Structure formats: structure tokens, C-alpha cells
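Below is one structure, written out as C-alpha cells, with a few remarks after it.
Computed from the coordinates by the stated procedures, all read-outs in this text should not be read as laboratory data. Since the structure is predicted, the reported quantities are computational estimates derived from the model, not experimental observations. As a convention, Cβ positions derive from the backbone with ideal geometry for all residues, glycine included, and neighbour counts pool all protein chains shown.
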Amino acid sequence: MKTTGTRSFILYILCAGFAAGLCVFLYGLFVNGGNWAVQPFNKHISGGSSVSAEGRVLDRSGVVLAESENGKRVYSNDETVRRAMLHAVGDTQGYISTGVQYNFRAELSGYNFVTGLASPTGQSSGNDLRLTLDSGLCSLARQQLGSRNGAAALYNYKTGEMLCMVSTPDYDPANPPKDLTTDQTGKYDGVFVNKVLSSSLTPGSIFKLVTSAAAIEQIKDLDSRTWNCNGSVTINGNKITDMRAYGKLDFKNALAKSSNVAFSQIAIELGADTMTAMANEMGFNRTFALEGIPSAKSVYNVNGAQPQELGWSGVGQFTDLANPYHMMILMGAIANGGTYVQPYLVQNVSNSFGFRTVTGSAKTGGQLLSPETAAKLTTYMRYDVTSDYGDGLFPGMKVSAKTGTGEIGSGKKPNCWMVGFSSDEKTPFAFAVLVENQNSSIASAGKLASALMRAAAKIS
């Protein structure tokens with residue numbers, strides 16, 4: 001009897017273990033079955049494509065960006081649209097890991113828990129994935145960039161809808177170069193990288209917004225203070241220079257003229273701990289996500305920095321780096337009183353019967369600065385536009401903005417930035433644009449930002 005009881009006990013344990021394992025498997029199948037079905041090692045299912053996509057990818061207006069015909073993935077008839085949407089839509093082979101064809105391949109495949117990849121008729125047409133992006137706006141950004149490398153991001157900071165996300169260099173996904181992955185000359189360097197999400201570059205003077213926020217909170221007499229700019233200042237034997245001698249500057253004009261002399265001294269006065277705390281609060285040194293796709297970090301690190309290095313960091317140089325997607329979110333946070341709305345890219349996913357299985361919506365993100373600091377920054381950034389850049393760049397939109405020229409050395413021209421937002425309730429857009437290797441931020445990034453905001457204002 002004792003032996004029988006022991007054997008029964010062991011059998012019960014084995015049965016319980018089997019039941020538990022079966023439950024874990026079924027749960028995993030229910031939650032992850034779509035992703036399992038479209039893994040790259042199942043290419044026999046997708047006809048050799050690494051994206052395993054059958055459904056269509058559409059822009060916000062229903063323009064078809066990608067679809068399957070006769071077992072092959074095809075893209076828009078317009079080459080400019082194909083190039084503009086490359087990094088958002090993705091490619092057929094899955095080289096662009098931030099594209100929706102890669103990240104939403106389970107949804108595009110039409111997988112469901114009951115029939116798998118097949119429909120009741122035995123075949124699947126997949127699900128349609130509609131993006132929040134506007135292909136016309138993205139094409140405009142691509143045309144403005146031309147042969148230059150850069151990035152453009154714009155979203156509605158009230159609803160969270162991404163309207164533009166463009167990165168260059170790129171290539172035509174319908175006619176990829178034969179040596180795209182074998183070329184050794186470097187001519188295709190960076191074509192698989194979505195710079196909006198996955199790059200971090202020297203910010204230059206757009207970082208002065210962080211220094212400004214710290215100054216607003218720590219320097220009580222900020223608006224009555226002045227700095228004398230003779231064109232340069234020597235700190236610890238190191239000269240920090242300006243474009244010209246601006247003379248006596250109050251704070252709002254120091255920001256509008258983007259005086260390195262003034263802001264380097266402000267950063268040193270604030271100190272490394274205060275500067276680091278403010279940078280961290282405003283989103284530096286951490287990642288943000290778009291539909292689960294993590295961004296590269298904006299970086300601020302002045303550990304062990306000498307006084308002149310801290311000064312350079314306060315004007316966006318030293319080792320400072322900025323990610324365009326983060327900068328766009330930061331602009332949205334300032335516009336929203338310190339708290340950002342989480343951007344989203346997928347408007348909806350609908351099956352072959354037209355039923356929506358996924359619907360995107362606005363979600364509140366975190367607080368990146370206090371309402372009071374956001375309000376003051378808005379005032380200063382608005383003055384930048386009215387006093388220096390000109391309201392003609394953004395007619396009728398009450399835009400607050402800041403330019404930056406990130407010097408990168410090695411005989412190269414700087415990274416030219418413009419970041420900002422509109423306070424007009426009819427055009428609640430925040431943007432971050434970057435054009436590499438240029439001489440003038442206004443002539444490059446400013447022109448691109450102007451074109452985008454004018455066009456976005458026409459989107460309902």
C-alpha cells in the first residue's frame with residue numbers, strides 16, 4: 001500500500017506539472033502566437049519575405065504605402081513617397097528594425113488564435129494597418145532635405161498623433177541597390193537607421209533650453225540680470241566664443257541671440273549637479289518609446305568636467321547629444337505646461353471584414369518640467385521667433401522655437417537644428433528638425449520647419 005501511495009503521489013505531481021506546462025504554453029500561444037508564426041525562420045509561410053506581411057500599410061488618409069500582390073511586397077507608385085516613408089514603413093527584408101512592417105508583422109499577417117494565419121476559406125489577406133502619418137507631409141520633408149542627411153519629426157501634442165517622421169539617407173524600397181548590403185565604400189552608411197528614433201547628435205544651442213530651465217528655477221533675479229558679451233570669454237584658460245560681440249544682454253536677449261558667452265557663464269554658476277538634475281528631469285539620459293520601439297538616449301554627462309567644459313556643456317557642446325524624437329516630445333511637454341502626451345504611430349488595425357482590432361489614442365506621458373518653468377520657457381522661445389527668426393516663418397501660428405548649430409569638428413560643417421511648437425489651438429504641433437553638415441540653421445532647419453508647419457496647418 002505504501003508503494004502504491006508513493007507512486008500515486010508521483011503521478012499526481014507529474015500530472016500537475018503537465019497541466020501547469022500546458023497552461024503556460026496556451027497562455028504564450030494566446031499572447032505571442034502571432035509573433036511566433038511570423039518569425040524569420042518561418043519564411044516558408046511568407047514566401048521568403050522577412051516581414052511576413054500580407055496586409056496593407058496605409059497613411060492617415062488611406063493612401064496605400066505597402067501591400068502584397070501575387071505573393072510579393074510592393075510599395076507606393078510615387079518614388080518620393082516610398083523614400084519618405086521608408087523608415088516608418090520599413091523594407092521587405094527587415095533591415096530597418098524600426099519600421100512597422102517589422103514591428104507589426106504579426107498584425108499585418110492577419111494571424112488569429114483560432115485559425116492561425118489562415119482565414120476560414122484557407123487563405124489570409126492579412127490585416128490593414130493605418131498610420132497616423134501623412135504621406136504628403138512626409139514627402140514634403142523628404143523634398144526639403146533633398147540630398148542632405150537629416151531628420152524631421154512633427155506631432156500633434158494634444159492628440160499624440162505622429163504626422164511626420166522622415167530620415168535621410170534613404171533608398172528606394174521598390175528598387176533597392178544591388179550592392180546595398182555588400183558595398184564597402186560607405187555610400188550607404190546610415191540608410192537603415194531611422195534618425196528620428198535611433199540617432200543622437202550634438203545639439204548645439206537647442207540645449208540652451210535646458211540651461212534656461214535651470215536658470216529659471218535657480219536664479220531668482222534672472223530677468224533683471226545682464227551679461228556683457230565682447231565676443232568671447234576665457235574660462236580656466238580656455239576661450240569660449242560667440243558669433244559676434246553682442247554687448248550688454250538681458251536673459252531673453254541672451255537666449256534670442258544664443259550667446260555662448262552668457263550661457264557658458266550661467267551653466268558654471270548653476271553648477272554640474274543642478275545642470276545634471278535639470279537635464280535628467282527634462283528627459284536626458286533615458287529612452288522614450290514609439291509603439292514599443294525605444295529611442296536612442298539624449299545624453300548629458302559632466303561628471304568630472306572642468307569649468308570650461310561645464311561652460312561648453314551649457315551651450316550644447318562638450319559631450320552633449322540630443323535625440324530628435326526626445327526633442328520633439330520635450331517641445332510638446334513645454335507646450336502642454338510641462339507634461340507631454342505620448343506620441344503614437346498606429347491609428348488602427350482592421351481585419352478583412354473591416355472590424356478594427358486595434359485603435360490608437362492619446363495617453364498622458366510624464367512630467368518633464370514644472371508648469372511655471374514651461375510657461376516662462378514658452379515666453380522666451382516666443383521672443384526668439386518674434387525678435388530674431390521672424391514670424392514670417394510661421395504665419396498665424398504663434399510659434400515658439402530655438403535653433404542650434406552643433407559643432408562636430410573634423411573639418412565638418414555643424415548639425416543644424418530647429419525645435420519648437422505652436423501655441424495656437426488650431427495648430428497644436430511640436431517639431432524637431434535636423435539638417436546635417438550645413439552653415440546656417442535658419443536657412444536649412446528653419447526653412448524645413450517652416451515648410452512643415454505651414455503644410456501641417458492644412459491637415460484636418
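Observations
- Screening the chain for whole DSSP H helices with an alpha carbon extent of at least 27 angstrom along the helix axis and a mean Kyte-Doolittle hydropathy of at least 0.0 yields 2-37.
- Across the options V191, G204, Y171, the greatest Cα extent toward the positive end of the charge dipole of the stretch 160-225 (unit charges at beta carbon of Lys, Arg, Asp, Glu) belongs to G204.
- Semi-axes of the equivalent ellipsoid for the stretch 52-100, Cα gyration tensor, largest first, Å: 15, 14, 10
- Note on the stretch 380-460: with charges restricted to the Cβ of Lys and Arg (+1) and Asp and Glu (-1), its dipole about the Cα centre is near 180 debye.
- Spatially, the stretch 159-232 and the stretch 319-380 are offset by 17 Å when compared through their Cα centroids.
- In the chain, helical runs assigned H by DSSP with n ≥ 4 each contribute -39500 (n - 2.57); averaged across all residues and rounded to the nearest 500, the mean residue ellipticity at 222 nm is -10000 deg cm²/dmol.
- Residues R244, R105, ranked from the fewest to the most other C-beta atoms within 10 Å, line up as R244, R105.
- Hydrodynamic analysis of the stretch 137-183 uses the Kirkwood radius over alpha carbon pairs. Inserted into Stokes-Einstein at 4 °C and 1.567 mPa s, it gives a translational diffusion coefficient of 105 µm²/s.
- Working from label points 7 Å from Cα in the Cα-to-Cβ sense, the K363 to S61 distance is 2.9 nm.
- Relative intensity of the stretch 321-460 on a log10 scale, I(q)/I(0) at q = 0.09, 0.11, 0.13 Å⁻¹, equals -0.32, -0.46, -0.62, per a Debye sum over C-alpha point scatterers of equal strength in the absence of solvent.
- Order of F104, F355 - criterion: other Cβ atoms within 10 Å of each residue's Cβ, fewest first: F355, F104
- For the stretch 336-383, the pair-distance distribution built from all alpha carbon pairs, in bins 10 Å wide starting at 0, is 23, 29, 22, 15, 10, 1 percent.
- Viscosity 0.692 mPa s, temperature 37 °C, Stokes-Einstein D of the stretch 175-288 from Kirkwood C-alpha radius, µm²/s: 194
- At 1.306 mPa s and 10 °C, Stokes D of the stretch 276-379 from Kirkwood alpha-carbon radius, µm² per second: 102
- Per-pair calculated FRET efficiency, R0 = 41 Å: K248 and N301 via Cβ, rounded to 0.05: 0.80
- The chain, dipole about Cα centre (Lys/Arg Cβ +1, Asp/Glu Cβ -1), debye to the nearest 20: 320
- Rg/Rg_globular for the stretch 154-223, with Rg_globular taken as 2.2 N^0.38 Å and Rg from C-alpha atoms: 1.78
- When the C-alpha to C-alpha distance is required to be over 24 Å, the pairs from K195/K412; K252/K426; K195/K239; K252/K412; K297/K398 that qualify are K252/K426; K195/K239; K252/K412; K297/K398.
- Each of T132, T427, T287 was scored by other Cβ atoms within 10 Å of its Cβ. Arranged with the fewest first, they read T287, T427, T132.
- Fraction of the pair-distance distribution of the stretch 370-446 above 19 Å, Cα-Cα pairs, percent: 39
- Global size of the chain: 25.7, 101 Å for Rg and Dmax (C-alpha atoms, Rg to one decimal, Dmax whole).
- Taking label positions 7 Å along the Cα-Cβ direction at both R148 and T339, the computed distance is 3.8 nm, reported to one decimal.
- For the stretch 199-269, size of Cβ-based charge dipole, Lys and Arg +1, Asp and Glu -1, in debye: 220
- Extension gain, N77-S232: 0.36 nm per intervening residue step, less the Cα-Cα distance, totals 50.4 nm.
- Stretching N175 away from E69 to a fully extended chain increases their span by 36.6 nm, per 0.36 nm per residue minus the current alpha-carbon distance.
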